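J.: There's a structure below that I have some questions on.
The values are calculated or read from the model by the stated rules, or taken from the named source; none is laboratory data. Predicted, not measured: the structure shown is a model, and the values here were computed from it. Neighbour counts are summed over all protein chains in view; Cβ atoms, including those assigned to glycine, are modelled from backbone coordinates with ideal geometry.
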Amino acid sequence: MPLARDVRARSEVPIIMLTGRDDVADRIVGLELGMDDYIAKPFHLREVLARLRTVLRRHHPRPLPAPDAEAGEIIRFNGWTLDPRERRLVNPPGTDVALTTGEFDVLLVMARHPGRVFSRDTLMNLTRGRNCEAFDRAIDVQIARLRKKIEAGKIAPVLIKSVRGVGYVLTGQASAPAV
């Protein structure tokens, strides 16, 4: 168990303890030291596999910031300006458009790859570092809010389009990034 404490101090890697000790006190200590699961002998391999999948499903590493965001790359599309460093969106007339953190992150991912279709799962992984649950509609809500802000007054979406059964795509024409 000291090894688990050392690993947990340096990393967020999932830890599952497989052991012959089935004492309640040992299980509690192990879980309090940061183990994600504690399986005592005897165990069935299918149970170990199921527990492993559960731990991996819950554990997703945080997304690393993209290097070009740190470099201050400014992205322009259809007259809009997206500044990752200042986390600003400016409309074609030059007015700032207020975005939530989630809206900004979704737009940034899509603006960096115009024309690429992103599934809900991919957007959730890239912006929040986790998978969507079966009924998680957070991305859909953020896309709807983004559309209201950047496509106001338009009957059908022009910049952010839905690709039925796949996801969403930013169709705006990107101009050369400015630094």
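J.: For the stretch 30-57, which residues satisfy the criterion of being more than 29 Å from the chain's Cα centre (by Cα) and closer than 19 Å to residue 3 by Cα?
T.: The answer is 30, 39, 40.
J.: Moving on to the next point. So the check is Cβ under 8 Å with 6+ separation or different chains; which pairs have a first residue in the stretch 135-157 that's assigned by TED's automatic domain parsing to the domain that holds residue 107 and surrounded by fewer than 16 Cβ atoms within 10 Å (Cβ to Cβ) and a second one that's among the hydroxyl-bearing types (Ser, Thr, Tyr) and assigned to a loop (DSSP other than H, G, I, E, B)?
T.: Every condition considered, the pairs that remain are 145/100.
For every residue, the table says whether it meets (1) at pLDDT below 90; (2) not assigned by TED's automatic domain parsing to the domain that holds residue 149.
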residue: 31; (1), (2): yes, yes
residue: 40; (1), (2): yes, yes
residue: 49; (1), (2): yes, yes
residue: 53; (1), (2): yes, yes
residue: 87; (1), (2): no, no
residue: 92; (1), (2): no, no
residue: 95; (1), (2): no, no
residue: 100; (1), (2): no, no
residue: 119; (1), (2): yes, no
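J.: Of the residues that sit in the stretch 98-131 and are closer than 16 Å to residue 145 by Cβ and among the hydroxyl-bearing types (Ser, Thr, Tyr), which one is nearest to the chain's Cα centre (by Cα)?
T.: 127
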